[in-house]
Structures are given as structure tokens and as C-alpha cells.
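Contents: one structure, followed by commentary.
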Amino acid sequence: MPIDRRSALEIAAANGHLDGDFVQRLAVGCAWISGGWQAAIEVRKPNCAASLRGTSSLAADAAADLGFTIGQGPTWDALAAQRPILVVDVGIDPRWPQAGPAKAQAGVRSVAALPLQVGETTLGTLTLFHDQQATLDRRGAGDLLELAAALTRVLVEHLAGSDNHSARIVAALTPAAVVHQATGMVAIQLDCDLADALARLRGHAYSRELPLANVAAAIVTGALQLAA
């Protein structure tokens, strides 16, 4: 993946307002950045019951429709649990007895369903589909998580119409909410459990004599990434 995912997504969505075409361009950008994956993005607009959806291809659109029609699948679970759901072979996963085989029949093998979150606020989902068994080891999962984080920051800025709105949202959250969000992100990035991820955050803060909430905010906004 390109190093600066956020810049690539901003180019894909340049001069756009938050509408269906805008989300469509972001989906195409996510597919291009991820290399080999197809993308479906759903965005929940504030104070609006409807959502916006964009897909990178007809195949991604069909795969997203299957989950919506059946009412189960990785995307639904990612939203409910507010955490990434990474599936190497959706067709044989017992969690989705209907949606899994249906997606496999439609040519989908691996799925990555990623909630787009700032603290406890969910903006929508990014779901990536692969027609082969994709690499979802620590590095592969970390790449997809970073893509979702970059997409979240771009969406936040366009939702607010302000370049520094993501930082203002984080500042408005309670310190506990920011630490919770950052702990989950570090756990995925470093392939560790939540207790170890929180210990890493605390160790980083202590060694640099920084408040834990400040370190967590830097993780959530993308200004800091802990080394493996």
C-alpha cells in the first residue's frame, strides 16, 4: 500500500461534497490502495436516517447487497461489536450460515469489515472483499486497519467541512473513550490482546512523561503509531 493513504483518498475524493458520488470515489480509491480487494463503503450522515453507499465495482455492490438482503454477515457483526471482523474464508465460517455460503457462491472468499469510528461514534463501515484467500496476518490486517483509519479521518473532515475537525472531535470525547478507541487500534496493529495494548499505551506515555489521554488521542488521529 502507498505510505500516505490519507493523501491518496483525498485525491480520489477531491472537490467533492458528501454525496453518493463522493462515497463512490472513496470506494474506488480504497480498492486501488488495498491492491486486489474490492470495497464497499457505507456512511451514516448526521441527523439522517438514510445512509450513503459507494462501491468500487459491480462485484462489490453485489456482495454488499447480499449481506443487506440476508441480514447477517461480517459487516453487520463489525457494526454491532464496534470492532474489525477479518475473515479468511467466509464460505466455511459457521458464524454466517446463510450469508457466508451466499457470498462464496458470488465469488467472495476473504472479507474485512471495518467500522469507521471516532471514539464511540460510528460514521459507517468499510467492507473489503477478495476473491482469493487473502493474507490477514498481523501485517496484512494492520494495512487494512490503517486504510480504515485514513478513510475515517477524510470522512470526518468532509462531514464537518473543516481540516482540523478530527482533532476537535477527539478533544470533545471523554479521556476514557479516547483511550478505549486507541487501545483497540493498537491491539489490531500489534496483533495483541487489549490488556497488552493498554500496557503499551501506558508505557509509551510514562516513558515520555505524557498524559495517557494525549497519547491515545495521537493514536486515534493518526499522528502516532506504536512500533511492533
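What does the charge count around G71 come to, taking other residues whose C-beta lies under 14 Å from its C-beta (Lys +1, Arg +1, Asp -1, Glu -1)?
Overall, the nearby charge balance is 0.
When the Karplus curve 6.51 cos²θ - 1.76 cosθ + 1.60 is applied with θ = phi - 60°, which whole-Hz ³J(HN,Hα) does each residue of region 185-193 get, with x for Gly and Pro?
Coupling constants for region 185-193: 5, 5, 4, 6, 4, 9, 6, 9, 7 Hz.
Compute the accessible area per residue over region 59-162, keeping the other protein chains in place, probe 1.4 Å, unit Å².
42
Once the other residues with Cβ under 11 Å from the Cβ of A27 are scored (Lys, Arg +1; Asp, Glu -1), what is the net sum?
In short, -1.
At 7 Å along Cα-to-Cβ for each site, give me the label-to-label distance between A227 and D191 in nm.
1.9
7 Å from Cα along Cα→Cβ at both R138 and D65: what's the point-to-point distance in nm?
Once both label points are built, they end up 4.1 nm from each other.
Using 7 Å Cα-to-Cβ label points, what is the S57/R208 separation (nm, one decimal)?
Placing both labels 7 Å along Cα→Cβ, they lie 4.0 nm apart.
The values are calculated or read from the model by the stated rules, or taken from the named source; none is laboratory data. A quick note: this is a predicted structure, and the numbers were derived from the prediction, not measured. Every residue, glycine as well, gets a Cβ built from its backbone with ideal geometry; the counts of neighbours run over all protein chains shown. With ligands, DNA and RNA removed, areas are computed over all heavy atoms of the protein, side chains included. Shrake-Rupley method; radii C 1.70, N 1.55, O 1.52, S 1.80 Å.
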